Amino acid sequence: MAKAAAFFDLDKTLLAKSSTLAYAKPLYESGMLTRQDLMRSAYGQFMYLVGGANAQQMDQMRAYMSQLVAGWDVAQVSAITGEALAKVIEPIVYSEALTLFDEHHAAGRDVIVISSSGTEIIEPICERLGADKAIGTQVAIEDGKYTGEILFYAYGEGKAEAIRSLAAEEGYDLAQCYAYSDSATDLPMLEAVGHPVATNPDKELRAIAKDRVWPVLDFRKPVAMATRETHTRNRAAGAAVGAAALGLAWYARRRRH
C-alpha cells in the first residue's frame, strides 16, 4: 500500500485556543512581554476564538510577532514554553483530535502537525501529543537570539508547499493523505490532499466544505493531557526527535534551494 500521512493544523483544530497567544501570560511573568503586549495578546485570543483569523489578520500577526521576538533568547523561550506546557496547553487539547491521532496511527499513517506558530512553541506540544513530525514558522537565529526575520511562514500556500515537499521526501501519496483545519486560510493545505476535513470550521470554510461535500467535524471536549500520558509515552519519545529534526532540516533544505 502507498505510504500516507494525516496533516493537522494546530490552533482551533487540535487546541481550543491559539498556541502562540496562550503563552502570553508566562512570557509576561518572565519579563519578556510588557503589560501592553499581554493585554494585546488577550484581546487577540478573544477575537480569534470568536471569529477566527482572516488573511489580513494573519499578516498583521506575522508582522507583530516578528517585531516582538527580535532579540529574545532562544534558550529562554524554549525553557519557558517547556515549563508552562502542562498549565497552558494540556487543558485545551481536544479529545476528539487525540482519538483521530490513534486512528491514523492504527491505519499506518504518519501524523504531522503543521502550524503558523513558531517551531519552538509547537515541537514540545507535538512531542506530548504523540505526533510523528512537526512543521512551524521558522524565525532566523543569530548568536542564540531571534533576529525577527521570518525564514518560513507556515501559513496559506506555505503550508501546502511544505506538505508537497515533505510528501516528495517521505514518499507519501497525497491522494491517500488527510488534512484537518479550521480556517479558510488553510484552503491550499486542504486542497493538497485527497481527503480534506473541515474541523471546527469558520463560517467561510464551512460554506466551502458544504459546497464541495467535504466532511465536517466539530470538536467539543478539551481534555487534560495527564490522562493520556501512559498511552502515548513511547510514541511521544520518538516524536520529540522527529519533530526537532524535521523542523530545522526542512527549512535548511528550503533555504539552500
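Quick note: the coordinates plus some simple rules give every number you see, no bench work behind them. Because the structure is predicted, anything quoted here is derived from the model rather than measured. Glycine also receives a Cβ, built like all others from the backbone with ideal geometry; neighbour counts cover every protein chain displayed.
Structural remarks
- Around the amide H of GLY118, modelled in the peptide plane, lie the amide H atoms of THR137, all under 5 Å away and 5 or more residues distant in sequence or on another chain.
- Evaluating 6.51 cos²θ - 1.76 cosθ + 1.60 at θ = phi - 60° for every residue in segment 185-194, the Karplus couplings come out as 5, 9, 4, x, 5, 5, 6, 6, 10, x Hz, glycine and proline recorded as x.
- Protection proxy ranking, peptides 190-197, 134-141, average beta carbon neighbours within 10 Å, highest first: 134-141, 190-197
- A simple packing score, the average count of other Cβ atoms within 10 Å per residue, orders the peptides 211-221, 163-173 as 163-173, 211-221, with the highest score first.
- The stretch between SER30 and ALA86 holds 18.5 nm of extra length on full extension. This uses 0.36 nm per residue minus the Cα-Cα distance.
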